[in-house]
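Novice: Below is a structure I'd like to ask you about.
What follows draws every value from the coordinates through simple rules; no lab data is involved. These numbers come from a predicted model, not from an experiment. For neighbour counting, all protein chains shown are included, and Cβ atoms are generated from backbone atoms with ideal geometry for every residue, glycine included.
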Amino acid sequence: MSRENTIYLDKTETPGQRLLYAIKDSEMTQRKFAELIGVSPNGLNQIVKGKNRLSRILALATEQITGVRAEWILNNENPMFLDPNSKIDPWDRIVLEFYRSNDMDLFERILRKIDQETSPFRNSIDPKKAWSKEQNDKYQALIDEAKDLVNYFIHLEAEDGQGPYRLGLMILHGGFPEIELVNSSAAYYTETGNNSYMERISEIRLELDDLINKPNTKGD
């Protein structure tokens, strides 16, 4: 943030002032911003000065252009900025999480992530926390099945296998709500004939979560 914009941040008591901050933070002039949203420079200036009401539609348009949240502009409600990951496709977020690895590396990294999540239960010496032999065997069987399911897509032609491969990894990752998975680019390129595979991978992830959330209490 520049020194000039720090000064503007000190003057954000009104919606108009917060709108001006969003414009300045994006290094735009009011004239340029007015052109982008389709209002006259004078009309925008009247809003900035508080002489005309700042509408929610304008605040949402500002959010899209600048990344400064509409709720902050309208109501001074933090956080000021959008989460930079909130509009990124789930697959791209996985890539960012694992340091821009290629697809095959990501498979191994996600398996290591699951390994780390379950390690406190598989390797614990606390009998109230450690998994039983039955639970450990179930865990290994789930991982082996997940590997087989995901590996199936690796051997398909790229145009057929990439979508379900990526979707399967995102499900196995366990960090995305269903609505994001359904609307992801990977889901778009996954044929309906692969739905049964996706459903089974989802079940595996749920069974893994169930193991993690219900550690052994028998100590056997």
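Novice: Which one, 181, 206, 151, is farthest towards the positive end of the dipole of the chain when Lys and Arg carry +1 and Asp and Glu -1 on their Cβ?
Specialist: 181
Novice: Right, something else. Can you tell me which lysines have their Cα less than 16 Å from the Cα of residue 11? Leave out same-chain residues fewer than eight positions away.
Specialist: Excluding near neighbours in sequence, the set is 24, 49.
Novice: Once the piece of chain linking residue 31 and residue 57 is laid out straight, how much longer is it, given 0.36 nm per residue of separation minus the C-alpha distance between them?
Specialist: Using 0.36 nm per residue and subtracting the Cα-Cα distance, I get 7.5 nm.
Novice: If the cut-off is 26 Å between C-alpha atoms, which lysines fall inside it for residue 138, apart from same-chain ones fewer than 8 positions away?
Specialist: Straight-distance partners of residue 138: 113, 128, 129, 147, 214, 218.
Novice: Based on the mean of other beta carbon atoms within 10 Å per residue, what is the order of 24-30, 169-175, 12-18, most packed first?
Specialist: Ranked by mean Cβ neighbours within 10 Å, highest first: 169-175, 12-18, 24-30.
Novice: Still on this structure, I have one more. Counting other C-beta atoms within 10 Å, which of 44, 60 has the fewest, and how do the rest follow?
Specialist: Neighbour counts put them in this order, fewest first: 60, 44.
Novice: Then there is this: Could you list which residues have their amide H under 5 Å from that of residue 81, counting only those 5 or more apart in sequence or on another chain, with H placed in the peptide plane?
Specialist: Under 5 Å from the amide H of residue 81: 69.
Novice: I've got another one for you. Treat the count of other C-beta atoms within 10 Å as a stand-in for reagent exposure and order 147, 51 from fewest to most.
Specialist: Exposure proxy ranking, most exposed first: 51, 147.
Novice: Can I ask one more? Give the angle, between 0 and 90 degrees and rounded to the nearest 10, that separates the Cα long axis of helix 133-154 from the longest principal axis of the Cα atoms of the chain.
Specialist: Here the helix axis deviates by roughly 60 degrees.
Novice: Can you tell me the length gained on complete extension of the stretch residue 213 to residue 108, counting 0.36 nm per residue apart and subtracting the Cα distance?
Specialist: Computed gain between residue 213 and residue 108 is 35.5 nm.
Novice: Using the eigenvalues of the Cα gyration tensor, what equivalent ellipsoid semi-axes result for the chain when each is taken as the square root of five times the eigenvalue, whole Å, largest first?
Specialist: 48, 22, 14
Novice: Quote the charge dipole size of the chain about the Cα centre in Debye, to the nearest 20; the model charges only the Cβ of Lys and Arg (+1) and of Asp and Glu (-1).
Specialist: Computed about the Cα centre, the dipole is about 1320 debye.
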